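Accompanying notes for the structure given below.
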Amino acid sequence: MIWQPMQKKVLTTIGWREWVGLPDLGIEAVNAKVDTGARSSALHAFNIEAFERDGVDMVRFAVHPIQRDSKITVECEAPMLERRWVKSSVGHRTFRPVIETQIAWLGQTWDIELTLVNRDEMGFRMLIGRQAMRSRLLVDPSRSFIGPKPAHAVRPQKKKRKKKRRKRRQ
């Protein structure tokens, strides 16, 4: 028998920020930062409420998927895997609910764990950490938005008004 090296799995390249979908949660697209420095992934959520349904721990929450837009709100429910202590990049620890859901990007979908936390003060509504990327994605920090921008996230350009000239009285 001749030994042959295993073929390496080809990883899909992702930029440092991307639009991703969370189909199980009804979120068509959310602007996410791809963060190799973060272990876990996090989703901006508010009105977080834990409850039980048929003996299963659940969590209900709301999401504003578009940054700086509080008009679009998606109400979500998901089974809660657990609550976990998570340390932020500045060392602040929070006890967060953790869910498992599917992420969709460029025609691919896979399961990831997401912690739920209010990210109002952060630049992105979602953070994709190393666990969600492991053995699947290769990050190119020189690129962003490799995938297309969703139609609902495109804001119409404000039309420039022509200044009316006043007639001078003489």
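The values are calculated or read from the model by the stated rules, or taken from the named source; none is laboratory data. What you see is a predicted model; the values in this text were computed from it and never measured. Positions of Cβ are generated from backbone atoms using ideal geometry, with glycine treated the same way; all protein chains shown enter the neighbour counts.
When Gln102, Gln131, Gln108, Gln67 are screened for being touching a helix residue (DSSP H, G or I) at 6+ places or on another chain (Cβ under 7 Å) and surrounded by fewer than 17 Cβ atoms within 10 Å (Cβ to Cβ), only Gln102 passes.
Considering only the range 136-155, state which residues are at pLDDT below 90 and assigned to a loop (DSSP other than H, G, I, E, B). Answer for the range 136-155, where residues must be at pLDDT below 90 and assigned to a loop (DSSP other than H, G, I, E, B): Gly147, Pro148, Lys149, Pro150, Val154, Arg155.
Determine whether Ala42 is within 16 Å of Asp111 (Cα to Cα), in contact with a Ser or Thr (Cβ under 8 Å, 6 or more places away or on another chain) and modelled with pLDDT of 90 or more.
Yes; evaluated as a whole, the condition is true for this residue.
Taken across the range 113-122, residues that are at pLDDT 95 or above and of a type in the set (A, V, I, L, M) do occur, with at least one present.
Give the residue, chosen from Thr94, Thr101, that is at pLDDT 95 or above and among the hydroxyl-bearing types (Ser, Thr, Tyr). Explain how you work it out, then say what you get.
On the way: Thr94 fails: at pLDDT 95 or above.
Result: Thr101 is the single residue among Thr94, Thr101 that is at pLDDT 95 or above and among the hydroxyl-bearing types (Ser, Thr, Tyr).
Matching residues to (1) part of a loop (DSSP other than H, G, I, E, B); (2) over 16 Å from the mean Cα position of the chain (by Cα):
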| residue | (1), (2) |
| --- | --- |
| Lys9 | yes, yes |
| Thr13 | no, yes |
| Ala32 | no, no |
| Arg39 | yes, no |
| Arg60 | no, yes |
| Lys71 | yes, yes |
| Cys76 | no, no |
| Gly91 | yes, yes |
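Return a yes/no flag: does the range 76-91 have any residue that is in contact (Cβ under 8 Å) with a residue 60 or more places away in the chain, surrounded by 13 or more Cβ atoms within 10 Å (Cβ to Cβ) and either closer than 21 Å to Thr36 by Cβ or not basic (Lys, Arg) (or both). Working first, answer last.
Here is the first cut: in the range 76-91, the residues in contact (Cβ under 8 Å) with a residue 60 or more places away in the chain are none.
No: the range 76-91 contains no residue that is in contact (Cβ under 8 Å) with a residue 60 or more places away in the chain, surrounded by 13 or more Cβ atoms within 10 Å (Cβ to Cβ) and either closer than 21 Å to Thr36 by Cβ or not basic (Lys, Arg) (or both).
For Trp16, the criteria (1) at pLDDT below 95; (2) among the aromatic types (Phe, Trp, Tyr); (3) closer than 22 Å to Asp140 by Cβ hold in every case but one, which is (1).
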